[in-house]
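Bear in mind these aren't lab numbers, they're just calculated from the coordinates by the rules spelled out. Computed from a predicted structure; not experimentally measured. Here the Cβ positions follow ideal geometry from the backbone for every residue, glycine too, while neighbour counts run over all protein chains shown.
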Amino acid sequence: MKNIKVAALVVTATLSFASLSACSTADPAGTTSNTTTHPAGYTIADGFLTACSEIPFAPFEYEDPAAEDGVTGFDIELGREIAKRLGLTYKFVAVDFAALQSGTTLAAGQCDIGISAMTITEDRRKNLDFTESYYDSLQALLVKTDSGIKTLADTANKTIGVQRGSSGQEYTEEHAPDSATILEFEGDGDLWIALQAGQIDGILQDQPVNLTHVKADADYVLAEEYDTNEQYGMAFAKGKLLELQADVAAALKAIRADGTYQTLYDKYFA
């Protein structure tokens, strides 16, 4: 039986954001202006599209001091574009991924939409409504180049780090050797620190995120990739904000049709 543990020490990045205006000091900075009138209850905060993500998870969402609200990434820019087309002001909220993917965060009304590299699964559909997929992904195992680990089978008696509640955790629990220890972390920021510190021997998570680390540091390599047929979707509280859901779906379709999606895709993945 695999040994599954929760990391005892988790280093969590706390983000603070500038206020949008003098009369709304608690709101994170937005990137677009509200130019369209929507009915009351269209979103949780009138005039805003409040989007939740777990951060960092580059290249999908990560801190960037040069960005207007201090964050950027594929998901962030896609969310901003959707907000603009709906005549709303984009507002970013950083949350725990496990709570977001379980439906708890959205059900509590913390945000309108979850845009956080979230794989669509039947289990998640029990508590969430999803858009059509907007990104196809793989899983991958990240290790140090001199680790001797070439495949997942080589992690016998070693420790694999995963993001709690993720599809990477699910894949690892199903396919890692029984003698491997699986250590859960809140997100990629904590996983990366743990790998560098030697607390874990590898990270199994979404391939684009692990590939970002490989590009940044030649001491790390993707040992193996796994075609898990995963598709990301934007998530909503089950049965809530139905008019917004329909409009987001239409905006996403238009973004694909007019080439905006491809431009963003090439920026982050080409």
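Only one residue in THR131, THR172 is surrounded by fewer than 24 Cβ atoms within 10 Å (Cβ to Cβ), among the polar types (S, T, N, Q) and out of contact with any Cys (no Cβ under 8 Å at 6 or more places or on another chain). Which one? Working first, answer last.
Values: THR172 fails: surrounded by fewer than 24 Cβ atoms within 10 Å (Cβ to Cβ).
On inspection, the qualifying residue turns out to be THR131.
Cβ-Cβ distance below 6 Å, separation of 6 or more or different chains: which pairs start in the range 185-214 with a residue that is free of Cβ contacts under 8 Å to residues at least 40 places away in the same chain and end on one that is among the hydrophobic types (A, V, I, L, M, F, W, C)?
Short answer, once both residue conditions are applied: LEU191/PHE185; LEU191/ILE203.
Quick check on ASP154: is it within 25 Å of THR228 (Cα to Cα), among the charged types (D, E, K, R) and touching a strand residue (DSSP E or B) at 6+ places or on another chain (Cβ under 8 Å)?
Values: within 25 Å of THR228 (Cα to Cα): yes; among the charged types (D, E, K, R): yes; touching a strand residue (DSSP E or B) at 6+ places or on another chain (Cβ under 8 Å): yes.
Considered against the rule, which asks whether it is within 25 Å of THR228 (Cα to Cα), among the charged types (D, E, K, R) and touching a strand residue (DSSP E or B) at 6+ places or on another chain (Cβ under 8 Å), ASP154 comes out as yes.
For the subset of the range 85-109 comprising residues that are β-branched (Val, Ile, Thr) and in contact (Cβ under 8 Å) with a residue 40 or more places away in the chain, which member is nearest to THR72 (Cα to Cα)? Even if it seems obvious, please write down each step before you answer.
Residues of the range 85-109 β-branched (Val, Ile, Thr): 89, 93, 95, 104-105.
Pick out the ones that are also in contact (Cβ under 8 Å) with a residue 40 or more places away in the chain and you get 89, 93, 95, 105.
Working: THR89: 15, VAL93: 12, VAL95: 15, THR105: 21 Å.
Per the criteria, the residue is VAL93.
How many of the residues in the range 83-111 are over 15 Å from the mean Cα position of the chain (by Cα), surrounded by fewer than 24 Cβ atoms within 10 Å (Cβ to Cβ) and either part of a loop (DSSP other than H, G, I, E, B) or at positive phi (or both)?
Within the range 83-111, residues that are over 15 Å from the mean Cα position of the chain (by Cα), surrounded by fewer than 24 Cβ atoms within 10 Å (Cβ to Cβ) and either part of a loop (DSSP other than H, G, I, E, B) or at positive phi (or both) number 5.
Residue by residue through the range 112-129, note down the ones that are assigned to a loop (DSSP other than H, G, I, E, B) and under 18 Å from GLN245 (Cβ atoms).
As a first pass, look at the range 112-129 and keep what is assigned to a loop (DSSP other than H, G, I, E, B): 112, 115-118, 120-121, 126-127.
Correct list: ASP112, ILE115, SER116, MET118, ILE120, LYS126, ASN127.
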